[in-house]
Structure formats: structure tokens, C-alpha cells
1. Residues in the range 47-70 that are surrounded by 13 or more Cβ atoms within 10 Å (Cβ to Cβ) and under 17 Å from VAL26 (Cα atoms): how many?
2. Residues VAL158, VAL153: which one is touching a residue at least 12 places away in the same chain (Cβ under 8 Å), touching an Asp or Glu at 6+ places or on another chain (Cβ under 6 Å) and under 30 Å from GLN213 (Cα atoms)?
3. Considering only residues that are open to solvent by less than 50 Å² (accessible area, probe 1.4 Å) and either farther than 16 Å from VAL175 by Cα or not in a helix (DSSP H, G or I) (or both), which ones fall in the range 139-154?
4. Which one of GLY9, GLY92 is at pLDDT below 95 and open to solvent by less than 50 Å² (accessible area, probe 1.4 Å)?
5. Any idea which residue in the range 71-83 is nearest to ARG105 (Cα to Cα), counting only those that are within 15 Å of the chain's Cα centre (by Cα) and open to solvent by 10 Å² or more (accessible area, probe 1.4 Å)?
6. Every residue in the range 22-46 that is within 16 Å of GLU99 (Cα to Cα), surrounded by fewer than 18 Cβ atoms within 10 Å (Cβ to Cβ) and of a type outside the set (Val, Ile, Thr), please.
7. Write out, first by first residue and then by second, each pair whose Cβ atoms fall under 6 Å of each other, whose residues are 6+ apart or on separate chains, and whose first residue, in the range 122-141, is within 12 Å of LEU198 (Cβ to Cβ) while the second is open to solvent by 50 Å² or more (accessible area, probe 1.4 Å) and at pLDDT below 95.
8. Would you mind stating whether GLU99 is charged (D, E, K, R), open to solvent by less than 50 Å² (accessible area, probe 1.4 Å) and either modelled with pLDDT of 95 or more or within 18 Å of the chain's Cα centre (by Cα) (or both)?
Amino acid sequence: MFSFRDKKGDVASSQGVPMMPLREVVVFPHTPMSLIVGRPKSVAAVHRANATDKRIFLVAQKSGDRIDPRSDDIYQVGTVARIEQTLHLPDGNMKILVEGESRARIVRYLDNPACFDVELDVLEPDEPDVETQALVRTVRSTFERFVKLNKAVPPEMVLSVNTQESADRLADMLVSVLQFKLGERQELLEEVDVGARLERIYKALLTEIEFLQVEKKLKHRVKRERESTQR
């Protein structure tokens, strides 16, 4: 029950999607996330989503400094998400648990003074070609090397990565693990080409592995020097 354009460009529904701008956060499809909601328009958007099909459009602000952003302050591409749980906090704010569903681009803003309402164009990924499928295998093996060096990532994450059959979902899953900056995360969200996303993730994994290996060597050297001075 949200307004989006189909492949022919026709409007499939006249009802807009309630939209919530996010500060310093980019939500990806297929990814759960908890969000604190306090701004009046955002609260209204959550209430409207909960009163319909629980879907809300989450999109990052270009600058987190804007308390009351306008359309020019908001990126065009965000994520349609489903609100799984809503909690009312003692301080008057709300905490919501959302699950990202699909990428979407804003087609136009609809007239609603209570909250942002938008018409969306859902961005569907292309079917992966042979090169992308090969890249999936490379990314999986590289991620295993990364996890062995990074103790902050739970080992069971390797099983999740290795059993994920969708290249699109795999790419979005791995973005949450790597230390991408806000602007880089937005670029990855806007990139519909799965192969291009996986290639960027692969390069980021190699960079992280190199950094972790240097860090490990440095720790071992410092440890040996301390042991030597204590003798």
C-alpha cells in the first residue's frame, strides 16, 4: 500500500509512503536496525506507517545538523523498510526496530503538513552475470580471511555469508560489517549494480585485512620488546 512506479512508469498506487529523514545513518535493504525517533514529523511518519502496512521510507540527510530538513537537505535514494516493533520510551521518544526491504528513489513529494509523504520508484537489482557470480566466491573467501583476523566479528557471520545465495543480499549484508563512512554508505545504497557494489566491498575487505595484519605484527613486536626488557 505505498505509492511507487512500476516498470512502465505508471503509478501503481496513489497513496504516498510516510518518510523519515535520518541523521548520520544509512539503512540498507535486508538489514535490521534500531532507531530512536523524536522529531515531530518523524513520530507522525511512524504513526502513519503503523496505521497502514507498517512500511516507511528511511533516507539519510545530507547533513545531520538540520533539525527540520527540507527536501533539498535529503538524499533521493533510501530504503523502504517495515516497522517490526515500536516502543515508547520514558523520555517521550520512540524506539523502532525496522527491517530494510528494498532500495527506492523519490519521484516526488506529496502534500502532507504532518509528515513527509513521497511517491517512490523501487530500484530492482539486475540478475547477476557470470563475472558477478565469480566475484561472490572471491568475496566469501576474502571475508573468511577477514574474520580470522578481526575478533570483533562473530565467527557465525561466515556461515551466514557462505549460505547467502543472493548476491544482492550478500552485498548489503557485508556493508554493515565494514567501516564505510556515511557518504560511502550512501553511494553503496545508490549503486544498483550488484557487481559494482561487490567489487567495492572486496577492495574494502583487502584494505581491512592489510590493516589488521600490520596491527597484529605491531602488537607482536611490542610484546617481544616488553618481554625482552623484563628479563
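1. So the count comes out to 11.
2. VAL158
3. Matches in the range 139-154: LEU149, ASN150, VAL153.
4. GLY9
5. That would be GLN76.
6. PRO32, SER34
7. Hits for this filter: ARG140/ASN162.
8. Considered against the rule, which asks whether it is charged (D, E, K, R), open to solvent by less than 50 Å² (accessible area, probe 1.4 Å) and either modelled with pLDDT of 95 or more or within 18 Å of the chain's Cα centre (by Cα) (or both), GLU99 comes out as no.
The values are calculated or read from the model by the stated rules, or taken from the named source; none is laboratory data. Note that the structure is a prediction, hence the values are computed from the model and not measured. FYI the Cβ positions are ideal-geometry reconstructions off the backbone, even for glycines, and counts take in every protein chain you see. All accessible areas refer to the heavy atoms of the entire protein, side chains included, with ligands and DNA or RNA removed. Shrake-Rupley method; radii C 1.70, N 1.55, O 1.52, S 1.80 Å.
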